[in-house]
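Chemist: Structure provided below as structure tokens; questions to follow.
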Amino acid sequence: MTEIIFGISAFIVLVGSIGVVLSRNPVHAALFLIQALFGVAVLFLVVEAHFLAAIQVIVYAGAIVILFLFVIMLLGVDRYEDLRVDPIMGQRPLAVVAGAAIFGLLLAVILSVDGLTGEASVTSPIDRVGPDGNSVADARQLADTIFTDHVFAFEATGLLLTVAVVGAVVMARKISGDLQPLPEIPGQNGEDAELDEADDAEVGE
Amino acid sequence: MTDLVYFVPLLPLLGFATLLVVGSRLGEPAAGWLATLAIGGSFLAAVGTWIGLVNRDEDDRVVEKIVFEWVPAGRFSVDVGFLVDPLSVAMILFVTGLGTLIHLYSIGYMHGDENYAKYFVYLNLFAFSMLMLVLGNNLLITFLGWEGVGLCSYFLISFWFTDEKNASAGKKAFVTNRVGDWGFMVAMFLTFATIGSISYVDIAGTAGQLSTKVATGIALLLFIGAMGKSAQFPLYLWLPDAMAGPTPVSALIHAATMVTAGVYLLTRVNAVLYEASGWATNLIAWVGVGTALFAATIAVAQNDIKKVLAYSTVSQLGYMILAVGVGAYVAAIFHMITHAFFKALLFLGSGSVIHGMDNDQDMRRYGGLKAFMPITAATFIVAWLAIAGVPPFAGFWSKDEILLSAWDTGGLNGRLLWLVGLITALLTAFYMSRQVFMTFFGRYRYADPDEDEVTAAWSGLVGASTESLELATTTVAAATAEVEAADSPEEKAAASVNLDNAIAAESEARSRVETAREAQRTRPIPESGEPNDAGVAVDFLPETVLARAEHHPHESPWQMTMPLVVLAGFSVVAGLLNLPFTKGLHFLEQWLEPALAHEHVITTGAATKWLLALIAIAAGAVGIAVAFRTYIQRRLDADKFERPVLAQAWYYDRTVSDFMGGPGRRLFDAITWFDANVIDGAVNAAGSAASRGGNFVRRAQSGFVRSYALGMSLGSVALLVWFVLRISS
Amino acid sequence: MGELSATWYLLLSAAVFSIGAVGLLVRRNPLIMFMCVELMLNAVNLAFVGMAFGLNDIGGQVAVFFVMVVAAAEVVVGLAIVVAIMRRREGTTADDLSVLRG
């Protein structure tokens, strides 16, 4: 059963990622990204990493991609790049070669090894049964590890987030005195009535 | 007592420093006395050092005093130190002694000069440099002094540099010396490379282990340095020009001290010269004696009193180099000391003469000065007898020793060396006698007009007559016109009378012109020694003759004559230093023995020695006699001896300047081109290659993020490939 | 094939990573390039989770946790930069921002 779910989710992820790469419209790309992220969340659930799946949906799909969409809207949706031609010579073929090479090499490594060769840590197995006989929640296990073994890294990431927010605010604000008026929608205030009449006349004939 | 050696160079240095700062404020004559005191104190310290050395055992007479370590550079270590041994003490004694006398002399000689204090600044600096040269315990200190004396020589020769000739002479001295310095420097490098040290004690100690080739190289390179400093052919040409400096400078630097530095250097490294191959030392000997003869021939035809002495110095230095070349170092030092005395005396005496003759240096204008300057004349004659090799004066003993050593080297080579030396001795006697006879004896010629002035007078006479002729001709023309213009017969008659008178006057003037011209053509050529006769043209003699007629020569003040007397005394007795009669009288040889690596043994028999000495005396006598016959008795024609080629110094100067201006210049331009294009070109090419390489590589920095990303991915692919290969192997 | 194992996750991770890499190199729109970076990060997360599953080690999930946090911070700052640049010029692509050429 899990294998089937894995297969479907893997398919969803692949389609989504290919869609991101090949979409002309940035909004379409963002939506394909959400698709891919959802697929990854399902894959997390398959291995019972419940907490991570939740985080994936909330943070990645819910916050980061929304942020992307806001920026797309801020900078204009109707700017499409020309996907037919690449101005840098040799970029496209070499990029394909690089990608294929990376995939092939990783494939070779993964398949040549019989299973995982790494060592499991003694102190942090993923316990499915707690001391009182009940299964332990995944979030609890993560919390146990993070707040004991990796507490310094945790605090550092908190600091990192603070710095990132401050930096983003500083960088993205407008310099004072630079207010631009909102772009006008033609015909909104009825100034082009003549044009409309001309149009009407043409249409009418 | 040997510790007093520190004061020997220190006092002149302090004198230099003091005078440099307050000299112009001290003014005349205080600056001069201060300088003299400094070097006088140095002399006393030298005497003290000598006493200290005498009190030691004969075996213990080499004392090294280190002041501080100057160059600690790994394997190469050079100290500032003094080597107090018999040779250096002998040198400092006569350098400081003569220096004191000459400083004293200069106080009087430079009286009235506006740069009085500067002169003594330079003199003290020179004394310091010379003393460092002599006292240094290694080649580098000697080189420091070597360069220092060259520098001071430049300063002092071009002391009156506002006259371009003097400035050029100073430059010439410096540049020529520099050529020699190159030899010295390369010798230092070679010594360090082979022996590992440039200290004299080390050199003397390890000289025996040197290969002949290396020893020859060092010896010849040092000889090149000596050639420059001691004015041997071909680097002698600066010395005659150096007479442009004040006469005491010529006495101190170019007679007694600086020029002996080359001989001193070669004597210092006599251990190395001993190891050099025979042809090299023979070459040194032949260059020395050849230069001696060469310079002596030139001195015969010089008319400037100082130029004669300059060439004489070159010639006597040649004798010293000859002695060094045949290994007779004691003889060389002996001759150096005696020569210092009588040559300094000669120069100072000539300075006195020049001072008394209103700065006129042409000997043809002198004559009969004995009556006016008795002390100068007497001391000059003592020096003359010394240099001519008349016993028992000092020069005879030293020169004879050198000739004997030359003969003693044996074979045809030794005999030839002796013969050339003998001929030079004859010439020396001749030209020095010529100088003395022309200056002090004979008729007082100063008021005589010379050839050019008489010619000018005759031209004046002819010119004046021609002018009056022209005047008469115009008068005739005017009278003729008057006759034409006269209307009445009375006026015509009066005018005709005028015309007749005018014509008569004109013919008279014409005849006067004819007489003058005839007289000019046939005027009697005076006998040599007779005054140039101006005859009827005497009224037309130029002003310079009349000025000279007013002049009265006078004796010099005591500051100038006292050193002369002292030096004359030394010129008489200095021979006692090393009389050849018995071993016991060889004071100088015994004294210098610790400084010499090998004993120089004379193998000639006693009878031969006496014979050679008699021949030398005879040669001197012949030279004096011929000069006597030519310049006092006027029986021989002087022009036979004073040939133009000799007066022009065998055209050597012109040859050198022509070569340097022509092919030399082209060579220098070629070398400059090479330096600017090949050497600088290589360096610049390296720079521009780096620059061009950078420009080429810089094209990778396109600024495109995606290109950078592509580069990174391709790189990571490569890394992955490598990892995979590692895992699979 | 057969039972679900970590190897499947790793293979999928490799595939998504390569797709993301190609996308990053080929696309010129900065926002889409960012999205490809997010794809790559997710691929890495997949790999970590797979290995946590395979080795029975919670460490893999801890790593994923931190990767997500850092990715969030990075996106925030990166988009702020993109906004700051692209607000002034119209139609800017990654190729136009080549002022730092050497």
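The values are calculated or read from the model by the stated rules, or taken from the named source; none is laboratory data. Note that the structure is a prediction, hence the values are computed from the model and not measured. Here the Cβ positions follow ideal geometry from the backbone for every residue, glycine too, while neighbour counts run over all protein chains shown.
Chemist: Restricting to segment B:366-408, give me the number of residues that are touching an Asp or Glu at 6+ places or on another chain (Cβ under 9 Å) and crowded, with 18+ Cβ neighbours inside 10 Å. Full working, then the answer.
Modeler: Filtering segment B:366-408 for residues touching an Asp or Glu at 6+ places or on another chain (Cβ under 9 Å) gives B:366-367, B:372-376, B:389, B:391.
In the following step, the residues that additionally are crowded, with 18+ Cβ neighbours inside 10 Å were identified as B:366-367, B:372-373, B:375-376, B:389.
Qualifying residue count, segment B:366-408: 7.
Chemist: Against the conditions (1) under 20 Å from B:A649 (Cα atoms); (2) modelled with pLDDT under 85, where does B:V308 fall short? Just the number, please.
Modeler: Tallying (1) under 20 Å from B:A649 (Cα atoms); (2) modelled with pLDDT under 85, B:V308 fails exactly one: (2).
Chemist: Got a sec? Which of B:G183, B:G99, B:G108, B:G148 is buried (at least 24 other Cβ atoms within 10 Å of the Cβ) and on the phi < 0 side of the Ramachandran plot?
Modeler: Of the residues listed, the single one that is buried (at least 24 other Cβ atoms within 10 Å of the Cβ) and on the phi < 0 side of the Ramachandran plot is B:G99.
Chemist: Just the residues that are touching a Lys or Arg at 6+ places or on another chain (Cβ under 9 Å) and within 14 Å of B:M227 (Cα to Cα), please, taken from segment B:264-301.
Modeler: Within segment B:264-301, B:L265 is the sole residue that qualifies.
Chemist: Can we say A:D138 is modelled with pLDDT of 75 or more, at the interface with chain C (Cβ under 9 Å from one of its Cβ atoms) and surrounded by 10 or more Cβ atoms within 10 Å (Cβ to Cβ)?
Modeler: Yes, satisfied.
Rundown of residues vs (1) under 31 Å from the mean Cα position of the chain (by Cα); (2) surrounded by 13 or more Cβ atoms within 10 Å (Cβ to Cβ), yes/no style:
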residue: B:V545; (1), (2): no, yes
residue: B:R548; (1), (2): yes, yes
residue: B:E555; (1), (2): yes, yes
residue: B:W558; (1), (2): yes, no
residue: B:V565; (1), (2): yes, yes
residue: B:L577; (1), (2): yes, yes
residue: B:L592; (1), (2): yes, yes
residue: B:I615; (1), (2): yes, yes
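Chemist: Please find, within segment B:623-633, the residue that is surrounded by the most Cβ atoms within 10 Å (Cβ to Cβ) out of those that are touching a residue at least 12 places away in the same chain (Cβ under 8 Å) and over 8 Å from B:A429 (Cα atoms). Even if it seems obvious, please write down each step before you answer.
Modeler: Going residue by residue through segment B:623-633, those that are touching a residue at least 12 places away in the same chain (Cβ under 8 Å) are B:623-624, B:626-628, B:630-632.
Now narrow it down to the ones that are over 8 Å from B:A429 (Cα atoms): B:626-628, B:630-632.
Details: B:V626: 17, B:A627: 25, B:F628: 17, B:T630: 23, B:Y631: 22, B:I632: 14.
Of everything passing the filter in segment B:623-633, B:A627 is surrounded by the most Cβ atoms within 10 Å (Cβ to Cβ).
Chemist: A further question follows. Could you list all residues from segment C:35-53 that are more than 7 Å from chain A (Cβ to nearest Cβ) and under 16 Å from A:L67 (Cβ atoms)?
Modeler: Within segment C:35-53, C:V37, C:L41 meet the criteria.
Chemist: Looking at this structure, is B:N282 over 24 Å from B:F294 (Cα atoms) and touching a residue at least 12 places away in the same chain (Cβ under 8 Å)?
Modeler: no
Chemist: Can you name the residue in segment B:97-134 that is among the aromatic types (F, W, Y) and in contact with a Cys (Cβ under 8 Å, 6 or more places away or on another chain) and is also nearest to B:I39 (Cα to Cα) among such residues?
Modeler: Looking at residues that are among the aromatic types (F, W, Y) and in contact with a Cys (Cβ under 8 Å, 6 or more places away or on another chain), I get B:F126.
Table: residues versus (1) farther than 30 Å from B:L588 by Cα; (2) among the small types (G, A, S).
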| position | (1), (2) |
| --- | --- |
| B:V21 | yes, no |
| B:G32 | yes, yes |
| B:G40 | no, yes |
| B:L44 | no, no |
| B:G48 | no, yes |
| B:I51 | no, no |
| B:E58 | no, no |
